[in-house]
Each structure stands twice: as C-alpha cells, then as structure tokens.
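The values are calculated or read from the model by the stated rules, or taken from the named source; none is laboratory data. Predicted model, so just to flag it, every value in this text is computed and none were measured. Cβ sites come from the backbone with ideal geometry, for glycine too, and all protein chains shown count toward neighbours. All accessible areas refer to the heavy atoms of the entire protein, side chains included, with ligands and DNA or RNA removed. Shrake-Rupley method; radii C 1.70, N 1.55, O 1.52, S 1.80 Å.
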Amino acid sequence: MDTQKNVKSLLKEKLGQDLLSILERISQVASRSELTVFAVGGFVRDLLLNIPNKDIDIVVEGNGILFASKLAEEFDGHVKTHEKFGTSVVIFPDGYRIDVAMARVEYYEYPAALPTVKQSSVNSDLSRRDFTINSLAIKLNGEGAFCLIDFFNGERDLKNKEIHVLHNLSFIDDPCRLFRAIKFEQRFSFKISKQTEELMRDAIKKALVTSLSGTRLLNEITLILKERDPLKHILRMKEFDLLKFISPQIILDSADLEALGKIETVLSWAETISLTEKPEVWYVYLLAIIYSLDDESFMQMLEKLQMQARLKKSLTIDRRTCKKALELLAEDKDW
C-alpha cells in the first residue's frame with residue numbers, strides 16, 4: 001500500500017487551478033476546525049483514470065455536519081443536511097455542490113437492509129465501499145496532505161482494469177452492487193475479477209435481489225440504462241441472469257436482441273428530425289426489455305418495481321401504441 005503518493009500536481013494538471021484552490025481552502029477550513037478531511041470515491045478514481053470529474057465528495061473524521069456549515073460560510077454558500085446519515089451538501093452561490101459526510105461505519109441488520117450508521121475513522125469508512133476502485137481517498141490536510149490513501153489496492157486494480165469487491169459479504173450486504181459491478185465494468189471497459197464474479201453468481205443463485213424494494217431495483221436499472229452504450233450493459237445483465245428479477249418472463253430471444261440492437265440507429269435518426277420531445281434513451285431501452293412480456297406479466301412487473309403513476313402510464317400507453325403500429329404495418333402489403 002502506497003499512502004505517500006502526493007497527487008497535488010496531478011490535481012492541478014488534470015482539473016485546473018480553480019478546483020485545486022477549492023480543495024486548498026477546504027484543507028485550511030479543516031485545519032482551523034482541528035478536523036481531518038479527505039476527498040473520496042469516484043472523484044479520486046476518475047482522477048487516476050484521467051477522466052474529468054469535478055464532483056467532490058468529502059469525508060470528515062468527526063462532525064461532518066458542523067464542518068459542512070463552516071464550508072458553506074467559507075464559500076458564501078448554503079447547506080442542506082440529512083441528520084440521520086450525518087451527510088450534507090454544500091451549495092455554492094453559482095450552484096456548484098460538494099457532498100460532505102462524517103467518516104462512518106455501517107451495520108446491516110439483515111441482507112439488503114438500509115444501513116445503521118455510526119461515526120468512525122476514514123479506514124472504516126473506506127472499508128464499507130462497494131469496490132476497491134471506489135475505496136481510494138486523498139488526505140486534504142495535516143501530515144501527508146494531498147497524499148493518496150489506498151488501503152485496498154484500488155490503484156493496482158485500476159491499472160489492471162479489474163473490478164474487485166472488498167469482502168465476501170459485499171453482495172449480501174447490498175445486492176444493488178450486482179448491478180453496479182456491471183455498470184463500472186462496462187463504463188471503464190474493465191473486467192469483473194474471477195472471485196468477484198463467483199460471489200456475484202452465488203448471490204444471484206440465492207436470489208438476494210428479491211430482498212430489494214422495487215424502488216431500489218428500478219433505480220439501479222435506470223442508472224445502468226443511463227450509461228453510455230446501454231445494450232452492452234443489458235447483454236451483461238442477461239449473461240448474469242439478472243433480468244429475471246425485473247420479471248421472470250423476460251427471455252430476450254433473438255428477435256428482442258435484434259430490436260435492441262437497432263435502437264441506437266433509430267435514436268440517431270430521431271436526432272435529425274423535428275420532435276416535440278427528444279426521446280429519453282434509458283426509457284426506450286427499458287421499454288424494449290419489457291416489450292415482449294404478456295399483459296399479465298407486464299402488469300406484475302409494473303407493480304413489482306413500484307413505479308410512479310406517470311412512468312407506469314407512459315410505459316403502458318407506449319407499449320400498446322407500438323403493438324398497434326406493428327399491426328397496421330403488417331396489414332399494409334406495400335410495406
């Protein structure tokens with residue numbers, strides 16, 4: 001583990017002096033408050049991958065809510081707080097946002113439960129992350145300021161382009177991570193490690209996803225379909241047999257896959273014509289995944305995912321309209 005790699009010049013080179021100045025001011029506020037703070041997670045991962053990401057997540061060893069209010073003062077912003085989880089968002093006058101959380105340890109009372117949170121150290125905080133590549137941090141003040149903290153070989157896994165969980169119970173604690181593993185693998189063109197894949201297949205075999213609420217499951221599906229190239233993600237979910245948790249009747253046979261493969265071309269074509277509303281890419285792919293379900297399975301799926309009335313209504317209408325359009329096309333001999 002290399003905890004002494006200083007990344008200050010890398011921050012300046014990749015993200016510019018403006019962002020570095022913000023981090024330096026955060027560092028000064030932390031030192032005045034006698035707290036130790038860290039930039040964590042996706043911000044650090046993307047810095048090392050040379051991907052521009054200005055979404056800063058700060059973890060504080062100590063009272064994160066108090067620190068967030070001091071940051072808001074420093075930057076003439078305001079703060080929104082979630083007392084229960086010890087998290088805050090500092091909103092700058094220009095709308096820029098920084099997330100602030102106390103370093104915490106989480107306990108799961110049962111699989112897929114929302115965690116019980118307790119104040120802790122940065123080491124414990126990083127150890128509750130989903131994957132090693134998301135468990136990296138940069139210490140922002142005190143001894144070793146602007147040095148990389150890497151307790152779990154996240155930097156090595158970034159270099160090897162591999163997705164690793166931090167511990168064997170990871171998918172049991174939170175089955176949402178099954179979808180996130182695929183999301184990060186496809187987003188970065190990485191590979192899920194052999195051991196992590198075995199743990200995933202075991203969790204899927206035990207049907208742990210069924211313990212998630214419909215809302216959380218729909219949220220993960222939506223996020224995955226909002227990624228670039230949703231088809232690659234869908235095929236990987238099919239490979240892992242994850243689509244059955246949306247509905248056991250989803251097969252995605254060759255006709256479905258052919259239709260899915262044509263969506264990108266159709267969306268590109270839709271860009272060239274004047275539409276009152278631009279299609280939402282994730283929505284089109286969701287409709288395609290569930291399109292072949294029979295009416296009963298379709299209704300069960302809507303209920304299971306606890307969809308909001310508006311989404312439920314538009315999926316129902318659009319599915320019906322597509323089927324009707326196909327019938328009309330089939331009747332027209334010229335076509």
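Applying a length cut-off of 20 Å (Cα extent along the axis) and a mean Kyte-Doolittle floor of 0.0 to the DSSP H helices of the chain leaves 254-272. Sketch the reach of a paramagnetic label on residue 96 as a point 7 Å from Cα along Cα-to-Cβ, and name the residues of the stretch 9-23 whose backbone nitrogen lies under 11 Å away. Taking a point 7 Å out along Cα→Cβ of residue 96, the residues of the stretch 9-23 whose backbone N falls under 11 Å are 16-23. Taking packing as the residue-averaged number of other Cβ atoms within 10 angstrom, the listed peptides 325-334, 94-103, 274-283, 176-185 run from highest to lowest as 176-185, 94-103, 274-283, 325-334.
Normalising the average separation of contacting C-alpha pairs (under 8 angstrom, six or more residues apart) by the number of residues puts the relative contact order of the chain at 13 percent.
Share of carbon and sulfur in the accessible area of the chain stands at 52%, probe radius 1.4 Å.
Work out how much length residue 194 to residue 308 would gain on full extension: take 0.36 nm times their residue separation and subtract the Cα-Cα distance, in nm to one decimal.
Numbers: separation 114, 0.36 × 114 = 41.04 nm, distance 3.77 nm.
Between residue 194 and residue 308, full extension yields an extra 37.3 nm.
FRET efficiency for the pair residue 81 and residue 322, taken as 1/(1 + (r/R0)^6) with r the Cβ-Cβ distance and R0 = 35 Å, rounds to 0.20. For the pair residue 121 and residue 253, how long in nm is the line joining their label points, each one 7 Å along Cα→Cβ? In this crude spin-label approximation the distance works out to 5.9 nm. Within a straight-line Cα-Cα reach of under 19 Å, residue 313 can be paired with the following aspartates and glutamates, leaving aside sequence neighbours fewer than 8 residues apart in one chain: 277, 280, 294, 295, 296, 303. Over the chain, accessible surface divided per residue gives 53 Å², non-protein components excluded, 1.4 Å probe.
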